[in-house]
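Engineer: Pasting in a structure now, in C-alpha cells, and then I'll have a few things to ask.
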Amino acid sequence: MKEIINNIQEKFKISEVTEQRENQYFISVEKKDTIQLVTYLKDIEKFTNFILLTAVDWIEKGQFQLTYMLNHPSKKLDIGVRTFIERENATMDSAHHLWEHVATFQRELKEMFGIDFPGSPRVDEPFLLEGWDNIPPMRRDFDTKKYSEETYFPRPGRSTNDPAEHMKKKLYPNE
Amino acid sequence: MFHWTPDRSAFPTAGPDGKFDFDSHKLVKIWHGPNHPGVTGNMSLELTISGDEVLESKTHVGYLHRGFEKLYERRTWIQCFPTVVRMCVPESDSNEYNLSAGIEELAGIEIPEMAKWLRTLVLEMSRLQALLRIVPAQGGTVGLGLGVQWGVYLRDLILDRFEELTGGRIYHMYMIPGGVRGLLPDGFKERLEENLILVDEFVLSIKRLMLDNAVFKKRTVGIAHIPVEWIDKYGIVGFVARGAGVKKDVRLDYPYLAYDQLDFDPAISTDSDIYARTWIRWNDIITTVDLLRQIMAKMPKKGEFKAPTPNVLHWQVPKGEVYVRSESSRGEYGFYIVSDGSKYPRRINLRGPSYTHAVSLLEKMLVNSNISDIAATMVSLQTCPPEIER
Amino acid sequence: MMNLKDILSPFSAWRNLLKEPVTIKDPLTERPGAPRYRGFHKNDIEKCIGCGTCETICENEAIDLVAVANVDTKNGDSGLRPLVDYGRCCWCALCVDVCTTGSLTMSNEYTWVSNDPEDFRYIPGVDKKEWDNNDLGWKKPDYTLIPTERMDMEEMEPSEREGTFLEIVRGYSRAQAEKEADRCTECGLCVATCPAHMDIPGYIRAVREGDMEEGLRLLYETNPLPEICGRVCTHRCEEVCAVGHSGDPLAIRWLKRYIADQVPFEEYKRILGITSIEENGKKVGIIGAGPSGLSAAYYLRIRGFEVTIYEAKSKGGGMTMYGIPKYRLPMNMLESEIGFLEEIGVKFVYETRVGEDISFDEIYKKHDAVFVGIGFEKPYKINIKGEEQKGALQAISFLDDINKGKKVDIGKKVAIVGGGNVAMDAARVARRLGAEVYMLYRRRVEDMPADSEEIHGAYEEGVQIIPQTIPVEIIGEGGKVKSIQYLMAEMVPDEKGGRPKPVPIEGSEQVLEIDTLIGAIGQEADYGFLPQEYLDKIETNRGRMLVDNNNKTTLDKVYAGGDAVNKTADAISAIADGHRAADAIERMLLV
C-alpha cells in the first residue's frame, strides 16, 4: 500500500495522507485533479471496485467534502479519495463514465446536497424526494427539527421538567 | 413438453437504428410496485413495455425514506443505535455491527473475545433468518408459495432465539460500542441446535420442492444472466458476484470478529442466472448452519462481554473517518463514518449492496426481459430498498 | 436438463399432510415473551430518584419527567418520575441500561389493547399496570454505559505521613480530571444538596471540555473560596450523586479543586471580569474573616460596597486557617485567596477583637450593614474530674497552635475524646507528631459524625479508635495528666425511635495511660463581644443566632452566617450564608 501511495504522490499533488489501518488509506487531493486521480487508480493501480461516493458537509468551512471510496479486489486494499469543494454553487466533475453505478451516487448527491455533476445521466431526476420544495435536505443548514415542527402537529399536553430546576422550585425557590 | 410462445408480431418494433421511439405513444408504461406482491419491499419500477417485453426500467425508491443519515446530525453516538438497525429491516444486525465496529475503530477500543464470538453468532443467526425467508421466496416469485410457509416458520424459531438472547425479535439492538449487551441465556445452545436440526430437514425438502422442480428450473435457468465483466462495472458484491464466478465474501477477504477461526467455503457458480443465485443462497443456508455449529463449539463458555467505554451520554468519538464493512446475506455491507470529534457524528453513510443491485444493475438487466420475470429477477438480487434510501 | 425426477420431486411436499401443524393456537396466552423480552416498562418508584438520565439517552424523546403525587422532592430525589409515551418509544431499553439506580426495568408483557390513545402515555410504577409484578423481562444487564469507577486520587502513602504536614492528596492530572468529569450524567440532583447550590454539572462540563476559565467563572458565581472547598468541603453533593447509586459517586470536590488549581491567582481578576469596580458608596462591616465573612465580603465588594473585615487573629480564614491541619489545606492556598480579596479592595483589619479593641457599637454605627461570622470558637469542656490539669488540651487550641507553628509537647501517648471531624484532625495531627493515638468515642464507629474518609484516613495512619467509651475521670500525678479512666457502654435502642443511646456498663472500668488528653466534643459561639443592649435584641437558640431566610438576625441591619448560625457547621454552608446575606444586604441598601 505504501508503494501505491508513493506512486500517487509522485504523479499527483496529495495534500494529506491518513492511514486508517494497514489496508485502508484516505488521501486528499485538489478538486481539479480528483477525477484524474480516480481514473489513474482504476486503470493503472487497478482499484477496479468502486464502493461509494458521498459528501460530508463542513458548513463551518463553507466546503463539501467528497469521498470516493475505491477498493482493490485482489490486493484487498481500500483507498478513500477526499476532495473539498466550495459549498456555494457546488459543482463537481462527473465520474459516471468510469463505473455504471457512479451516476446513481451523483444523482443522490445532487438531490440531497445540491452538488451538481454536469453531464451525469439523469442527474436532475428526483431520486427519493418527489415534489421536494425546500433546500437539499442533507445540507446541515436544513433543520429537521424546525421543519417537522412547522410541517406536523406535535401532540398536545407534553411537558417535561429539568430535575435541578424542579428541585430549585420546590426546595429553595428564593435563592 | 408443453410450450407456448405469444404472437409478438403485432408488438411495436424498433426503428432502423435498433432503437424504440419512446414518444410514439405506441408503448405502454406500467408501474411495477410499490404495491405488488413480487416487489421486494417498498419500491417500484417504472416500466416501458412493448407487449410483454421491457424496453426500459427506472427504479423508484423513497417510499420508506426516514432520513436516518440526516437525523444522526442531532443524535449522540449511542442514540444512533435504536434507529441504525432500521436501515435494513430483514437483516438489522449488520447495521449495529458496522456502526459499533466503526466507532470502536475510531476510538481505539478492543472488544473482549467473548463479545467477538457473540457478535459472530448473532450475525450468522441473522444471515440464517434472512436466508430462510428469501430462499423460498424465490419460489414464490414464480408461483410456488409453499416453501415460503416452511421458511417463515423456521425463521420465526430463529427469531425466538433472538428474543431470548437480545430481548427483541426483529430489531435486536444487541451490539453497542465496546461489545454486546448480554451473555447467552442458559440452555440457549441446545435450543438453537434443535432449530438447526429442523433447518437441516428444511434444506432437503426445499431442494426437492424448489431446486429439483421442473417448473422452477424452466422459469429460472438461463434467465437474468449477469456477465462476469459487470462485477466491477456495476460494483456487484456478495452472492450475486459468486453466482458469476467471482468469490467475493467479506468474511474471507477482510476477516473480522471470529471469522478467521472458522472454517467455511461459500458456494460459487458460473451460470450467473436466477437458478444459480438461488442455488448459491440455498448453499449459504448449509454454510451458515455449519458456521453456527462451529461457533457454538468454539466459543468461550464465559468471559467479559463488553469493554469499558467513556460515558455514552457525552462520548466524543475522536476525529477521523473510516469505512467498515461486513458480509450481509446480500453481500458487502459498508458504513462510511466521519467523526469531527464532537458528541454527534458528522456523517454516517450506509452503502448497501442494493444501492447498485436494485438501481443501476436492475435497470440494465430488465431491458429486453419479460415482465413475467421481473419479480424473480428482483428477488434473485435480494434487493432491499431501505438500504438505498436510508 | 429437465428430467422425470424434476417433475416428481416436488410432490414430496405431500408428506407434510400427515404432520401436526406448528401453529400456536392461542398466542395471547400460550406465548409469553422471553425472560429477557423488552416489553412494557416498570419502575420501582421508591428506588427511582428522578435523575432523568433515561430521558437524556432516549433518542425518540419518548420520556418526560413529571411530578407525581405522593413522591416528594427531597435531598437526592427530584420527586419527578419518567412518563413514557408509547407513541414514540422503540423499546431499545437503553433507558433501562443507563438507569442509575436500576429502578427502571421492562416486563416481558407485550400485548396491550386500549381504545384511548392517551392510555399509552403512562408513568410506570405510578399508573398501576397488570405487568407491574411481572418478574420476567429486560433488566439492567451486568455492564455499564457510564463508567462506575472513580479515578483514583494519588495520595501520600500512610507510612510517609508521620512527621510531615505536606498535603496528602496530590490532585488530579488533566487526563484524570477529564476522565472523572466524563462520568457525570449532568442530572443536577447535587445542586439542591449543595448548601451554596453551586452549578456542579456546569463546572464539571467545563472540566470535560477543558475550559478552565469558564469553570472558574461558574465556581465564583456561588463560591468565592473554591480552593478551600476543593480540599476540605464536606461534599454532601457526592452523597446524592446519581452515578453513586450504581458505582462510585463523582469526585465532585476533587474536580472543583482541579479547576481552582489550574488557574493562577493573577488571572482571576481578568477571568472573573472584575477589573474595575463601580463604588456605590455604601459600607458594610464584617466581623470574622472565616468562610462566611470572606464569602459575604466578595459578593458585596464586586457589587461596589466598601467592605471592612474585623478579625481578632493575625490571619484570615477562620476555622479553615486555624482549625484545619495543613496536610488537608496548605497555608498558601488560604493566603492566596485572601490576597485576591485584598486585591479587589476588601479591607482587612487584623488582630482586632471586637468588644476589646473596637466596640461593636462603633462598627454598628459606622456601617450601613453588619455581617457577623464569628464561628464557634469556645470549646465545650468534657466536664469530668481532672480536666484542669496540665496535659489536658482542647482540640481547637491544639490545632491552632500547630498551625501557627508552635511546638506542642504531647508526649508519647495521646487520647482524643470525640468523634467528629475536629477530633479526627487532632488525632491525625498527633500521629504526625509521632504519638501513639487513642480515640475515645461514646457511640459506635458507624455513628461517628466525622466524614467517612477522615475515619478511613485516621485508621490508615494508625489511630486506634475505641468506640463505646464514656470517660469518667482524668487521673493526674503532680498536676499532670497520667491516665484516663473510662467505662464501656452498650447501645440501647431509643424508645422514641431516635438513634440508640450509649449506656455505661457497670463495672467495666478501664484505665488508659496517657501523656496528653485532647477534648474534641464540640464548640460554641462566644457572644461576649456584644454589649447587653444588642445582646437583648439578637435572639439565639441553643447558642446559635436566629436568622431568617435572608440570614438577617433579629437585630436591624445585622446579618449573620457560618457555624454560629447553622447546624451543619461546615465551610460550604458558611459560604452559602455569606452569599445569601450579601444578596439581602444589596437588596436592603440598593433597591
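Engineer: If you go through the range C:144-168, how many residues are within 13 Å of another protein chain (Cβ to nearest Cβ) and over 28 Å from the mean Cα position of the chain (by Cα)?
Structural biologist: Matching residues across the range C:144-168 total 0.
Engineer: Can I ask one more? Regarding the range B:17-35, can at least one residue be identified that is open to solvent by 40 Å² or more (accessible area, probe 1.4 Å), closer than 29 Å to B:GLY143 by Cβ and assigned to a loop (DSSP other than H, G, I, E, B)?
Structural biologist: yes
Engineer: Condition check: open to solvent by less than 80 Å² (accessible area, probe 1.4 Å) and among the basic types (Lys, Arg). Does A:LYS42 satisfy that?
Structural biologist: Yes: the conditions hold for A:LYS42.
Engineer: Across the range C:229-255, what is the number of residues that are open to solvent by 10 Å² or more (accessible area, probe 1.4 Å), in contact with a helix residue (DSSP H, G or I) (Cβ under 8 Å, 6 or more places away or on another chain) and not hydrophobic (A, V, I, L, M, F, W, C)?
Structural biologist: 9
Engineer: Here's a check for you: in the range C:506-541, which residue that is buried (at least 17 other Cβ atoms within 10 Å of the Cβ), among the β-branched types (Val, Ile, Thr) and under 22 Å from C:GLU377 (Cα atoms) is farthest from the chain's Cα centre (by Cα)?
Structural biologist: C:THR516
Engineer: Determine whether the range B:43-51 contains at least one residue that is crowded, with 18+ Cβ neighbours inside 10 Å, farther than 26 Å from B:GLY139 by Cα and not polar (S, T, N, Q). Please lay out each step first, then the result.
Structural biologist: At the first step, the residues of the range B:43-51 found to be crowded, with 18+ Cβ neighbours inside 10 Å are B:43-45, B:47, B:49-50.
With the extra rule that they be farther than 26 Å from B:GLY139 by Cα, the set shrinks to B:50.
Still in the list and also not polar (S, T, N, Q): none.
No; the residues of the range B:43-51 include none that is crowded, with 18+ Cβ neighbours inside 10 Å, farther than 26 Å from B:GLY139 by Cα and not polar (S, T, N, Q).
Engineer: Could you run through the range A:71-103 and say how many residues are among the polar types (S, T, N, Q) and open to solvent by less than 10 Å² (accessible area, probe 1.4 Å)?
Structural biologist: Filtering the range A:71-103 for residues among the polar types (S, T, N, Q) gives A:71, A:74, A:83, A:89, A:91, A:94.
Retained after the next criterion (residues that are open to solvent by less than 10 Å² (accessible area, probe 1.4 Å)): A:71, A:83.
Looking only at that region, the number is 2.
Engineer: Now, a different point. Would you confirm whether or not the range C:5-13 contains a residue that is more than 8 Å from chain B (Cβ to nearest Cβ) and not hydrophobic (A, V, I, L, M, F, W, C)? I'd like the intermediate steps shown before the answer.
Structural biologist: First, pick out the residues of the range C:5-13 that are more than 8 Å from chain B (Cβ to nearest Cβ): C:8, C:11.
Then drop every residue that is not not hydrophobic (A, V, I, L, M, F, W, C), which leaves none.
The answer is no, given that none of the residues of the range C:5-13 is more than 8 Å from chain B (Cβ to nearest Cβ) and not hydrophobic (A, V, I, L, M, F, W, C).
Engineer: Residues that are under 19 Å from B:THR383 (Cβ atoms), more than 8 Å from every other protein chain (Cβ to nearest Cβ) and open to solvent by less than 20 Å² (accessible area, probe 1.4 Å): does the range B:344-352 have at least one?
Structural biologist: Yes, the range B:344-352 contains at least one residue that is under 19 Å from B:THR383 (Cβ atoms), more than 8 Å from every other protein chain (Cβ to nearest Cβ) and open to solvent by less than 20 Å² (accessible area, probe 1.4 Å).
Yes or no, residue by residue, for (1) under 17 Å from C:LEU189 (Cα atoms); (2) within 11 Å of chain B (Cβ to nearest Cβ):
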residue	(1), (2)
C:GLY39	no, yes
C:LYS42	no, no
C:ILE45	yes, no
C:CYS48	yes, no
C:THR56	yes, yes
C:ASN60	no, yes
C:ASP64	yes, no
C:ASN70	no, no
C:THR73	yes, no
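Engineer: Only one of (1) in a helix (DSSP H, G or I); (2) open to solvent by less than 30 Å² (accessible area, probe 1.4 Å); (3) aliphatic (A, V, I, L, M) fails for C:MET333. Which number is that?
Structural biologist: Only one criterion in (1) in a helix (DSSP H, G or I); (2) open to solvent by less than 30 Å² (accessible area, probe 1.4 Å); (3) aliphatic (A, V, I, L, M) is unmet by C:MET333, namely (2).
Engineer: Do you know which residues across the range C:93-131 are of a type outside the set (S, T, N, Q), over 21 Å from C:VAL71 (Cα atoms) and either without any contact (Cβ under 8 Å) to a residue 24 or more places away in the chain or not in a helix (DSSP H, G or I) (or both)?
Structural biologist: Scanning the range C:93-131 gives C:ALA93, C:MET106, C:GLU109, C:TYR110, C:TRP112, C:VAL113, C:ASP116, C:GLU118, C:ASP119, C:GLU130, C:TRP131.
Engineer: What residue, among those in the range B:39-86 that are in a strand (DSSP E or B) and hydrophobic (A, V, I, L, M, F, W, C), is farthest from the other protein chains (Cβ to nearest Cβ)? Before the answer, list the steps.
Structural biologist: Taking the range B:39-86 and keeping what is in a strand (DSSP E or B), we get B:44-50, B:53-60.
When the remaining residues are screened for being hydrophobic (A, V, I, L, M, F, W, C), the result is B:45, B:47, B:49, B:54-55.
Values: B:LEU45: 14, B:LEU47: 16, B:ILE49: 20, B:VAL54: 18, B:LEU55: 16 Å.
Filtering the range B:39-86 for residues that are in a strand (DSSP E or B) and hydrophobic (A, V, I, L, M, F, W, C), the one farthest from the other protein chains (Cβ to nearest Cβ) comes out as B:ILE49.
Engineer: What tally of residues in the range A:28-49 results from selecting those that are assigned to a strand (DSSP E or B), within 14 Å of chain B (Cβ to nearest Cβ) and in contact with a Ser or Thr (Cβ under 9 Å, 6 or more places away or on another chain)?
Structural biologist: Step one: filter the range A:28-49 for residues assigned to a strand (DSSP E or B), giving A:28-29, A:49.
Still in the list and also within 14 Å of chain B (Cβ to nearest Cβ): A:28, A:49.
Restricting the remaining residues to those that are in contact with a Ser or Thr (Cβ under 9 Å, 6 or more places away or on another chain) gives A:28.
Residues in the range A:28-49 being assigned to a strand (DSSP E or B), within 14 Å of chain B (Cβ to nearest Cβ) and in contact with a Ser or Thr (Cβ under 9 Å, 6 or more places away or on another chain): 1 in total.
Engineer: Still on this model: Would you check if B:GLU91 is part of a helix (DSSP H, G or I), touching a residue at least 40 places away in the same chain (Cβ under 8 Å), open to solvent by less than 40 Å² (accessible area, probe 1.4 Å) and charged (D, E, K, R)?
Structural biologist: Details: part of a helix (DSSP H, G or I): no; touching a residue at least 40 places away in the same chain (Cβ under 8 Å): yes; open to solvent by less than 40 Å² (accessible area, probe 1.4 Å): yes; charged (D, E, K, R): yes.
So B:GLU91 fails the test.
Engineer: Within the range B:288-312, which residues are within 27 Å of the chain's Cα centre (by Cα), surrounded by fewer than 22 Cβ atoms within 10 Å (Cβ to Cβ) and either within 12 Å of chain C (Cβ to nearest Cβ) or of a type in the set (S, T, N, Q) (or both)?
Structural biologist: Within the range B:288-312, B:GLN294 is the sole residue that qualifies.
Engineer: Can you name every residue in the range C:348-397 that is assigned to a loop (DSSP other than H, G, I, E, B), open to solvent by 40 Å² or more (accessible area, probe 1.4 Å) and among the polar types (S, T, N, Q)? I'd like the intermediate steps shown before the answer.
Structural biologist: Filtering the range C:348-397 down to residues assigned to a loop (DSSP other than H, G, I, E, B) leaves C:350-353, C:355-357, C:359, C:367-368, C:373-377, C:380-384, C:386-389, C:391.
Next cut, open to solvent by 40 Å² or more (accessible area, probe 1.4 Å) only: C:350-351, C:353, C:355-357, C:359, C:368, C:377, C:380-381, C:383, C:388.
Within the range C:348-397, C:SER359, C:ASN383 meet the criteria.
Engineer: Search the range B:313-336 for residues being among the small types (Gly, Ala, Ser) and within 11 Å of another protein chain (Cβ to nearest Cβ), and hand back the single one that is most open to solvent (accessible area, probe 1.4 Å).
Structural biologist: Per the criteria, the residue is B:GLY320.
Engineer: Applying the selection to the range B:224-239, what residues are within 13 Å of chain A (Cβ to nearest Cβ) and either under 11 Å from B:ARG277 (Cα atoms) or in contact (Cβ under 8 Å) with a residue 60 or more places away in the chain (or both)? Quick ask: steps written out before the conclusion?
Structural biologist: Step one: list which residues in the range B:224-239 are within 13 Å of chain A (Cβ to nearest Cβ), which gives B:226-238.
Across the range B:224-239, the qualifying residues are B:ILE226, B:TRP230, B:TYR234, B:GLY235, B:ILE236, B:VAL237, B:GLY238.
Engineer: Of these, B:LEU144, B:LEU183, which one is under 20 Å from B:LYS116 (Cα atoms), part of a loop (DSSP other than H, G, I, E, B), within 9 Å of chain C (Cβ to nearest Cβ) and open to solvent by 30 Å² or more (accessible area, probe 1.4 Å)?
Structural biologist: From the options B:LEU144, B:LEU183, the qualifying one is B:LEU183.
Engineer: Among C:GLY102, C:GLY87, C:GLY79, which is within 30 Å of the chain's Cα centre (by Cα) and open to solvent by 10 Å² or more (accessible area, probe 1.4 Å)?
Structural biologist: Exactly one of C:GLY102, C:GLY87, C:GLY79 is within 30 Å of the chain's Cα centre (by Cα) and open to solvent by 10 Å² or more (accessible area, probe 1.4 Å), namely C:GLY102.
Engineer: Additional query: Report whether or not A:ASP141 is in contact with a strand residue (DSSP E or B) (Cβ under 9 Å, 6 or more places away or on another chain), in a loop (DSSP other than H, G, I, E, B) and away from chain C (no Cβ under 14 Å).
Structural biologist: Working: in contact with a strand residue (DSSP E or B) (Cβ under 9 Å, 6 or more places away or on another chain): yes; in a loop (DSSP other than H, G, I, E, B): yes; away from chain C (no Cβ under 14 Å): yes.
Answer is yes for this residue.
Engineer: Determine if the range C:249-263 includes at least one residue that is assigned to a helix (DSSP H, G or I) and within 25 Å of C:SER103 (Cα to Cα).
Structural biologist: Looking only at the range C:249-263, we keep the residues that are assigned to a helix (DSSP H, G or I), and these are C:252-262.
Then keep just the ones that are within 25 Å of C:SER103 (Cα to Cα); that gives C:252.
There is at least one residue in the range C:249-263 that is assigned to a helix (DSSP H, G or I) and within 25 Å of C:SER103 (Cα to Cα).
Engineer: For the range C:423-448, how many residues are surrounded by 20 or more Cβ atoms within 10 Å (Cβ to Cβ), touching a Pro at 6+ places or on another chain (Cβ under 9 Å) and not in a helix (DSSP H, G or I)?
Structural biologist: 5
Engineer: When you go through C:LYS5, C:LYS42, C:LYS47, C:LYS19 one by one, which is the residue that is among the basic types (Lys, Arg) and open to solvent by less than 30 Å² (accessible area, probe 1.4 Å)? Break it down into steps so the answer makes sense when it comes.
Structural biologist: Working: C:LYS5 fails: open to solvent by less than 30 Å² (accessible area, probe 1.4 Å); C:LYS47 fails: open to solvent by less than 30 Å² (accessible area, probe 1.4 Å); C:LYS19 fails: open to solvent by less than 30 Å² (accessible area, probe 1.4 Å).
Answer to the selection: C:LYS42.
Engineer: If I ask for residues that are closer than 30 Å to C:SER359 by Cα and outside any loop (DSSP other than H, G, I, E, B), which ones from the range C:512-528 would you list? Before you say what the answer is, go through the steps one by one.
Structural biologist: Of all residues in the range C:512-528, those closer than 30 Å to C:SER359 by Cα come to C:522-528.
C:GLN523, C:GLU524 - these are the residues of the range C:512-528 that are closer than 30 Å to C:SER359 by Cα and outside any loop (DSSP other than H, G, I, E, B).
Engineer: Which residues, counting only those in the range C:547-559, are open to solvent by 10 Å² or more (accessible area, probe 1.4 Å) and within 17 Å of C:GLY293 (Cα to Cα)?
Structural biologist: Matches in the range C:547-559: C:VAL547, C:ASN550, C:LYS552, C:LYS557.
The values are calculated or read from the model by the stated rules, or taken from the named source; none is laboratory data. This is a predicted model, so every value here is computed, not measured. Note that we place each Cβ from the backbone using ideal geometry, even for glycine, and neighbour counts take in every protein chain shown. Ligands, DNA and RNA are stripped out before the accessible areas are found, and what is left, the full protein with its side chains, is counted by its heavy atoms. Shrake-Rupley method; radii C 1.70, N 1.55, O 1.52, S 1.80 Å.
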